[in-house]
């Protein structure tokens, strides 16, 4: 990153990240790592899957992010009877006897897909197609979605009754799989104190759509050293049971490994992580810092791993 302007742009992104985090921190107590992952995926032009029990402020987090970034926000509550047209919109016959397209809630900058595993595969596929193509096709006509377009889906890991787990191929569309944990005792005290009084916290708008698109371009322009590129691709290759770099131990623990999309996201995410950490090019630490949320939903554990009580994160630790 030789050009002065590029260095200044990277500094501007880091400063914007710090200001956004501080602003969101007025409303969201704790959840720093979750917020970091959400913002990295926005600046990397990826999508995010949040997995956590109810009541951990997943919806509030997304609403607050949308407010601070001054983006159009829509929430879709996924239910078993939701139809694809409820998401993408439908054709209706107008008074002039012509069909016209009425856009669905997917036409926004930030979509919160609440409890995405509560809806049948056909409806999930409609949303996932929009995520991939950044467009919607209705009655043979393609309608472009507004940019930036970012999907945050939530999943409840406890209730498995009446759910439709996302297939591996669809999980792969999400850049990050972020696990939300319970707040610490101190954080929960603060949350309860803030939410049981009449004091309402408001946040300021700090960025707009144009600036976000500019920063997304900037992240792509950040140079990466060959050794970091090779490290990321090799890390992903090590997850494949029949890969050339895979150790016998990993072969025993995994049935399936991650695809090339994981390597792409590792590099994009590492670039963004480097910039917000005050560097102008990513190193191996940046790749490792974001490897878990990128790989955990892309590897399939074998019965050996399950029998030994090893989680996806434990296996990723072994890859380092």
(message) Taking 2.2 N^0.38 Å as the expected size of a compact globular protein, what ratio does the Cα radius of gyration of region 10-54 give against it, to two decimals?
(response) 1.22
(message) With Kirkwood's inverse mean 1/r over C-alpha pairs for Rh, give me the Rg to Rh ratio of region 58-183, two decimals please.
(response) 0.99
(message) Starting from the 7 Å offset along Cα-to-Cβ, what nm value, one decimal, do you get for the label separation of residue 8 and residue 163?
(response) 4.9 nm
(message) Can you compute the modelled spin-label distance between residue 90 and residue 256, with each label point 7 Å from Cα toward Cβ, in nm?
(response) 3.3 nm
(message) What is the distance in Å between the Cα centroid of region 258-316 and that of region 108-123?
(response) 24 Å
(message) I need the calculated FRET efficiency for the pair residue 146 and residue 181, taking r as the beta carbon distance and R₀ as 22 Å, to the nearest 0.05.
(response) 0.10
(request) Just order 230-240, 12-22 by mean Cβ neighbour count inside 10 Å, highest at the front, would you? (result) 230-240, 12-22
(message) Using only DSSP helix segments of four residues or longer, with each worth -39500 (n - 2.57), what per-residue ellipticity at 222 nm results for the chain after dividing by its residue count and rounding to 500?
(response) -14000 deg cm²/dmol
(message) Please compute the modelled spin-label separation between residue 225 and residue 19, points set 7 Å along Cα→Cβ, answer in nm with one decimal.
(response) 3.2 nm
(message) Using 0.36 nm times the number of residues separating residue 209 and residue 194, minus their current alpha carbon distance, what extension gain do you get?
(response) 2.4 nm
(message) Report the Cα-based extents of region 222-319 along its three principal axes, largest first, to the nearest Å.
(response) 43, 24, 18
(message) If each residue of separation counts as 0.36 nm, what is the full-extension length gain between residue 300 and residue 234 once their alpha-carbon separation is subtracted?
(response) 22.0 nm
(request) Using a Förster distance of 25 angstrom, determine the FRET efficiency expected from the C-beta separation of residue 285 and residue 311, and round it to 0.05. (result) 0.65
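Coordinate-derived values only; no laboratory data. Keep in mind it's a predicted model, so treat the numbers as computed, not measured. Counting neighbours? That spans all protein chains shown, and the Cβs are built from the backbone with ideal geometry, glycine included.
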